[in-house]
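The values are calculated or read from the model by the stated rules, or taken from the named source; none is laboratory data. Small disclaimer: the values here were computed from a predicted structure and weren't measured. Quick reminder, even Gly has a Cβ in these numbers, built from the backbone with ideal geometry, and neighbours come from all protein chains shown. Ligands, DNA and RNA are excluded from the accessible area calculation, which covers all protein heavy atoms including side chains. Shrake-Rupley method; radii C 1.70, N 1.55, O 1.52, S 1.80 Å.
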Amino acid sequence: MAVETVPCTAYEDQKPGTSGLRKSVRHFQQPDYLQTFVQAIFNAVPELRGGLLVLGGDGRYFNREAIQVILRMAAANGVARILVGKGGILSTPAASNLIRKYQATGGIILSASHNPGGPDGDFGIKYNSSNGGPAPENLTNLFFEHASKLSEYYITAIQPVPLDKPGHYEIEGLRVEVIDPVDDYAELMATLFDFERIRALLAGDFSLRFDAMHAVTGPYAQRILEQTLGAARGTVMHFEPLADFGGHHPDPNQAHARELMELLYNPRKVDFGAASDGDGDRNMILGHYFFVTPSDSLAIIAANAHLIPGYRNGLKGVARSMPTSQAVDRVAEKLGIACHETPTGWKFFGNLLDDGQITLCGEESFGTGSDHIREKDGLWAVLFWLNLLAVRQESVEDIVRRHWADHGRHYYSRHDYEAIATPAANTLMTHLRQQFDELPGKVIHGKTVCQADDFTYHDPVDHSASHHQGIRILFEDGARLIFRLSGTGTQGATLRLYLEQYEADVKNHDQDVQAALAPLIQIAETLALIRTFTGRDAPTVIT
Ligand code: G16
């Protein structure tokens, strides 16, 4: 095989963030930018030589070109076999499943998740390890180290692989298998959920809509919801994966899934609505005129897991990211199981899942999942809810309200200030840190602070410590204010403010969320001077 050694200049900015390396498409199109990071992966994971690699992406602009480059580099770096999704498509959860099922050395997933696509949008690349989960921090640090000192990469001159034709191709010692991206994933879902019962629900007068947001879940949702479970044709909206997501923002939340929101907030009754993101790992759950916060969804999934075939034997434990509301903690307490608090980023759940300490985990950022794979899983959450609705024969709203009545309600919201100047964001965080010593015991707008700190996570499995994972201001009544800078944005900095207020009394469960959180919003402004530092009067997005 003719391997070409290409001299290159290292890039200094290839440090992966919360979930892989995410930059604008234009940034990725700089000479050898993609190649440098891919070579860093091959250098950091020598087991890929002679190994099996899973490869696919969310179909966004630059996906196909990147896949051909990676195939050529994989051949040059001695990879023995590659499974690649037809059309270059693989959702993140499907890739995680393939890695586990076929005992691959790892996988490369091309996605910038919920970030917009197209030539002016974003692109991303992440590596998942042999457990199917996102590379842990020590490995992403190693990628960065290799990338920063790289002086050459290796590539072959093979012809482009026909990605649209399933089949096997032998290329200079590398076996490329173009596979159906949905088959294995659909098979896995059928082992976890009661498809018969869901089919019966959908055969009645129950109506649902799923918004694939012109991203990767279209083919998965059509196969599972429409073709397998019998949902009406057209149930899946925006089903065709498009390179620019139809010009939309593939982020399944109230702000970006507008059309779906309008269908659910409409007198013409739709019982259940759901959406997923660019790479299919996020989910939004809606009832008729009703939004389920991701934190509540996690808690309800945990409280009802015994009703679902795949989880009938009970839960080993649960975990949530630190900013996620404490609703699931209450469920864990009642169930007598452990509840772990990890930093933001799915990679932090990996050790707990691998070690058998938890069965379910989730994040406020519309991510929920279980030990069936090592990624969050959008369609899994949707199927869980459908199975639950089929068993309980109640509406989404009734299920959530009953849960609040039993456990209390955690009013919760996230305010994002996107694309603010990075120095201003850092000054704001420093300003908060400087108040840590004086805050405990202080009464601000009628609420008493009991603790103020920077969250540090001590991994109970590998005993590593992750510092500076978000500023926490905790109040005596259980309320929390969390401040973090996002690790997934590509322009300037994004400040995330997470607000949580617990309300035990069912008589107070009908308040408007922002109104219920108004005192905390005021305290946040007083402590962080958000307007002064960011120059913004209001958040860019409220979820
Ligand atoms: C990624 C991570 C999640 C994280 C989210 C937001 O999700 O996998 O764990 O919660 O980003 O992170 P941040 O607050 O740092 O922007 P995804 O769906 O973008 O891969």
Farthest toward positive dipole pole in region 185-407 [+1 Lys/Arg, -1 Asp/Glu at C-beta], among Asn253, Asn283, Pro309: Pro309
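How big is the antiparallel share of DSSP beta bridges in the chain, given as a percent to the nearest 5? Each step should come with its number before you reach the end.
Working: 64 of 93 bridges.
Looking only at bridges with both residues in the chain, the antiparallel portion is about 70 percent.
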Leading residue at positive end of dipole, the chain (Cβ point charges), from Ser148, His238, Ile108: His238
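Considering only the other residues whose Cβ falls under 11 Å of the Cβ of Gln222, what net charge follows from Lys and Arg at +1 and Asp and Glu at -1?
On the way: positive: Arg223, Arg233; negative: Glu226, Glu240.
With Lys, Arg at +1 and Asp, Glu at -1, the net is 0.
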Sequence of Lys447, Lys149, Lys15 from largest to smallest accessible area, 1.4 Å probe: Lys149, Lys15, Lys447
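Taking the Cα centre as origin and putting +1 on Lys and Arg beta-carbons and -1 on Asp and Glu beta-carbons, what dipole magnitude results for the chain, to the nearest 20 debye? Walk me through the numbers before you get to the answer.
Working: 48 positive and 66 negative charges, 46 e Å.
That gives a dipole near 220 debye.
How much of the pair distance distribution for region 341-478 lies past 25 Å, counting alpha-carbon pairs only, in percent?
That fraction is 49 percent.
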Angle between the chain longest axis and helix 33-44 axis [Cα atoms, degrees, rounded to 10]: 90
DSSP-defined antiparallel bridges as percent of all bridges, region 289-407, nearest 5: 35
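Given Cα positions, please report Rg to Rh for region 185-407, the hydrodynamic radius being the Kirkwood one. Kindly include the intermediate steps, with their values, before the conclusion.
On the way: Rg = 16.2 Å, Rh = 17.3 Å.
Across region 185-407, the Cα-based Rg/Rh ratio is 0.94.
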Beta bridge orientation in region 185-407: antiparallel %, DSSP, nearest 5: 50
Accessible area expressed per residue, the chain, with surrounding protein chains retained (probe 1.4 Å, Å²): 37
Selection from Leu388, Cys339, Tyr417, by position along the positive dipole direction of region 301-460 (Cβ): Leu388
Surrounding net charge for Asn77, when Lys and Arg each add one and Asp and Glu each subtract one, Cβ distance under 14 Å: -1
Semi-axis lengths (Å, descending) of the ellipsoid that matches the C-alpha gyration tensor of the chain: 37, 29, 21
Order by protection proxy (mean Cβ within 10 Å, highest first), peptides 283-296, 511-524, 369-382: 369-382, 283-296, 511-524
Helix-only [θ]222 nm of the chain, DSSP H runs n ≥ 4, -39500 (n - 2.57) each, per residue, nearest 500: -9000 deg cm²/dmol
Rg/Rh ratio calculated on Cα atoms of region 260-318 (Kirkwood radius): 1.06
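For region 486-533, count the residues as N, evaluate 2.2 N^0.38 Å, and divide the Cα radius of gyration by that value, please.
On the way: Rg = 14.3 Å, N = 48, 2.2 N^0.38 = 9.6 Å.
Against the empirical 2.2 N^0.38 Å value, I get 1.49 for region 486-533.
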The chain: angle of helix 422-433 to the longest principal axis, Cα-based, in degrees nearest 10: 40
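How large is the Rg to Rh ratio of region 422-543 when both quantities use alpha carbon positions and Rh follows Kirkwood?
Working: Rg = 15.5 Å, Rh = 15.7 Å.
Using only Cα positions, Rg/Rh for region 422-543 is 0.98.
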Surface accessible to a 1.4 Å probe, Met189 within the full protein complex, Å²: 0
Rounded percent of accessible protein surface that carbon and sulfur make up, the chain, 1.4 Å probe: 49
Relative contact order computed over the chain (Cα-Cα under 8 Å; 6+ residues apart), in percent: 13
